[in-house]
Amino acid sequence: MSGFSAEWLALREPVDAAARSTAVTGFIIDALEAGAGRPSPLRVVDLGCGTGSNLRYLSPRIRRRQHWRLVDNDPALLSQAATTAVEIDARLADLQHLDASLLADRHLVTTSALLDLVSDAWLSALVERCAAAGAVVLAVLSYDGRTECTPADRDDGFVRELVNLHQRTDKGFGPALGPDSGARAEALLRAAGYDVRRGKSDWVIPPAHREMQRQLMAGWADAALAMGDQDEGRIRDWTRRRMAAIDSGHSHIVVGHDDVGAGIGRAH
């Protein structure tokens, strides 16, 4: 999977929470409420749960007793995710080969910052299994290819293009959907008969989030260098200018994401 560090996940969690589409979340909560006849507790699976930020965001908003199956391939992250009062079934698993048993008996299948890493074949299999199970689906914070940095730099677009190329390379699931993941998820879910909502969930990272900005820039630089090593000097010069803007306290960054929610019912 992605190999995200606990430090990075902690830095991004408040930004993630502020970014999430309240319209899509509300739609899913309503869809779950409409299924109030389901046996209690509401059974949720969170694929690629990390340290549990998705659980911490969603659980208080679901007005029913819940049981969460948390799935990740990193035991250290999974141990942090399991420290909660909600009923937990923690599963150490590699999601490269999606095990149908992970989704068994679940009312809600959710994931955060995962779909842009997976292949079209993997996503198609996930949607097929969710539909077969009659599960509601919520996939949030998928990168959509848009970035905006202030103050602007002449090479922002150049680096963004390289980063977006890197986003489509194999992350362990086959060629990644990258910035196309949200639109593809919406299309597949609609084709499976779901009632779907898709909404923007852009990161807005102000100067106060300096360390997150620095780690984000370093990650973009590494991705750009992996795709454009012949332009190493240009990329490293860009990185120095961006880091200087961050250190000066004047850097503001927006990163495009989207959330997709799918409820059982008529498609439209």
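Shape summary of the range 110-268, radius of gyration then Dmax from alpha carbon positions: 17.6, 53 Å.
Please give the calculated 222 nm ellipticity per residue for the chain, where each DSSP H segment of at least 4 residues contributes -39500 (n - 2.57) and the sum is spread over every residue; nearest 500 deg cm²/dmol?
Working: 9 runs with 111 residues, N = 268.
Per the formula, -13000 deg cm²/dmol.
If I take R0 = 25 Å and measure r between the Cβ atoms of Arg210 and Arg146 in this structure, what FRET efficiency does the formula 1/(1 + (r/R0)^6) give, to the nearest 0.05? Please report the intermediate quantities before stating the final value.
Details: r = 22 Å, r/R0 = 0.88.
About 0.70, to the nearest 0.05.
Take every Cα pair under 8 Å whose residues are at least 6 apart in sequence, average their separation, divide by the length of the range 1-104, and the relative contact order is 26 percent.
For the range 60-67, putting each phi into the Karplus relation 6.51 cos²θ - 1.76 cosθ + 1.60 with θ = phi - 60° gives couplings of x, 8, 8, 8, 8, 4, 10, 10 Hz, in residue order, rounded to whole numbers and with x for Gly and Pro.
Across the chain, C-alpha contacts under 8 Å between residues 6 or more apart give a mean separation that, scaled by the residue count, equals a relative contact order of 24 percent.
In summary, the convex hull built on the alpha carbon positions of the range 57-169 has an orientation-averaged projected area of 9.3 nm². Between Cys49 and Val71, Asp72, the built amide H atoms are under 5 Å apart, and every one of these is 5 or more places off in sequence or on another chain.
Compared with the dominant principal axis of the Cα atoms in the chain, helix 22-34 is inclined by about 10°. When the accessible area of the chain is computed with all protein chains present and a 1.4 Å probe, what percentage of it is carbon and sulfur? C and S atoms contribute 53 percent here. Helix 232-247 axis versus longest C-alpha principal axis of the chain: approximately 80°, rounded to the nearest ten.
The mean sequence separation of alpha-carbon pairs under 8 Å and at least six residues apart, normalised by the residue count of the range 170-252, gives a relative contact order of 29 percent. Relative to the longest principal axis of the Cα atoms of the chain, helix 156-167 runs at roughly 40 degrees.
Potential lengthening of the chain between Gln230 and Glu87 amounts to 46.3 nm, from the contour at 0.36 nm per residue minus the alpha-carbon distance.
Overall shape: rounded for the range 1-131, with the ratio a/c of the largest to smallest alpha carbon gyration tensor axis below 1.5.
The values are calculated or read from the model by the stated rules, or taken from the named source; none is laboratory data. This is a predicted model, so every value here is computed, not measured. Heads up, the Cβs are rebuilt from the backbone with ideal geometry, glycines too, and the neighbour counts pull from every protein chain shown. Note: accessible area is taken over every heavy atom of the protein model, side chains too, but ligands, DNA and RNA are not part of it. Shrake-Rupley method; radii C 1.70, N 1.55, O 1.52, S 1.80 Å.
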